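The values are calculated or read from the model by the stated rules, or taken from the named source; none is laboratory data. Computed from a predicted structure; not experimentally measured. A quick note on method: Cβ atoms are made from the backbone with ideal geometry, for glycine too, and the neighbour counts reach across all protein chains shown.
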Amino acid sequence: MEILGKPKLSVPYGTVWTSRHKRRGRSNPHGTLAYRTAGNSYLRGTQWRTALSVTHLDSIEGGRTSDASRKPPQDIPAEQSVLGGMMLSKDAIADVVEIVRGHDFYRPAHETIYESIIDLYGRGEPADAVTVSDELTKRGEINRIGGPAYLHELIQTVPTAANAGYYAEIVAERAVLRRLVNAGTKIVQMGYGQDGEVEDLVNQAQAEIYAVAERRTAEDYVALKDVMESTVDEIEASGHRGEGMTGVPTGFYELDELTHGLHPAR
């Protein structure tokens, strides 16, 4: 930093030169120049002059590059509470599966536990700490998730299973943020790579961002073929049992005769 044609002057942040041009017993090497620092601004007389030293700029850049070492968005307590709630309540499992998927968990061990719970739940079997531990042992993955003790720890950690759906929303949001970070990283790499036309790079960048939003929207839906077969089986089984109206009548006789009324999640 050049000041009034003098040689470069390195002054520590917060230094105050007195009117006698001394700093805690040291003489001012520039004689008649008196100024004080405040942040990045320098006062000469009554006029502020703003300047940044190369060292200061380097420190700012260093701070930016250190962002790369930060952990991706996550909430481990929320993940633990989701899994603990699922092992405490079947209702919690039903709430959670509508919000998160296995890949939404930050810790691979949590994804493994989640998938095990879902498999047990799908087979109509209980999914508590004992059965999940047994399932993971059969798969040879019990030690990878921290052993049976960790499953019991998850149950003890959860505040209440009734809030599992809210915890799941936190996990899902963090997962979206991680995908957004990944998309941003790809965009930065494309910008520095300078490969191809600028317009093409912009289109690719937009596609990365749209992919994050589209994936989040797509996960809110289930393919019709995945639910149709089980629904038809349930209707036929109900008919064979000779059950009457088991749901809410629609007012259309033939439809009610086939479906026995409207049912939850239909």
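Looking at D91, D95, D119, which one is charged (D, E, K, R), crowded, with 18+ Cβ neighbours inside 10 Å and in a helix (DSSP H, G or I)? Don't jump to the end; show me each part of the working.
On the way: D91 fails: crowded, with 18+ Cβ neighbours inside 10 Å; D119 fails: crowded, with 18+ Cβ neighbours inside 10 Å.
Of the residues listed, the single one that is charged (D, E, K, R), crowded, with 18+ Cβ neighbours inside 10 Å and in a helix (DSSP H, G or I) is D95.
Please verify whether segment 184-201 includes one or more residues that are among the aromatic types (F, W, Y), modelled with pLDDT of 80 or more and surrounded by 13 or more Cβ atoms within 10 Å (Cβ to Cβ). Let's see the steps before the verdict.
Going through segment 184-201, the residues among the aromatic types (F, W, Y) turn out to be 192.
Those left that are additionally modelled with pLDDT of 80 or more: 192.
Next, from what is left, pick out any that are surrounded by 13 or more Cβ atoms within 10 Å (Cβ to Cβ): none.
No, segment 184-201 contains no residue that is among the aromatic types (F, W, Y), modelled with pLDDT of 80 or more and surrounded by 13 or more Cβ atoms within 10 Å (Cβ to Cβ).
Go through Y192, Y114, Y167 for me and flag whichever is touching a Gly at 6+ places or on another chain (Cβ under 8 Å) and within 30 Å of A207 (Cβ to Cβ).
Details: Y192 fails: touching a Gly at 6+ places or on another chain (Cβ under 8 Å); Y167 fails: within 30 Å of A207 (Cβ to Cβ).
That would be Y114, the only listed residue that is touching a Gly at 6+ places or on another chain (Cβ under 8 Å) and within 30 Å of A207 (Cβ to Cβ).
Among the residues of segment 154-167, count how many are closer than 22 Å to V130 by Cβ and free of Cβ contacts under 8 Å to residues at least 40 places away in the same chain.
Going through segment 154-167 one residue at a time, the tally reaches 0.
For segment 151-195, which residues satisfy the criterion of being closer than 18 Å to A78 by Cβ and among the hydroxyl-bearing types (S, T, Y)?
If the condition is that a residue be closer than 18 Å to A78 by Cβ and among the hydroxyl-bearing types (S, T, Y), then T157, T160, Y166, Y167 are the ones that fit.
Criterion first (surrounded by fewer than 20 Cβ atoms within 10 Å (Cβ to Cβ) and within 30 Å of V212 (Cα to Cα)) does N143 satisfy it?
For N143, the condition - surrounded by fewer than 20 Cβ atoms within 10 Å (Cβ to Cβ) and within 30 Å of V212 (Cα to Cα) - is not met.
Return the only residue of I187, I170, I145 being in the same structural domain as E111 (by TED's automatic domain parsing) and without any contact (Cβ under 8 Å) to a residue 24 or more places away in the chain.
On the way: I170 fails: without any contact (Cβ under 8 Å) to a residue 24 or more places away in the chain; I145 fails: without any contact (Cβ under 8 Å) to a residue 24 or more places away in the chain.
None of the others qualify; the one that does is I187.
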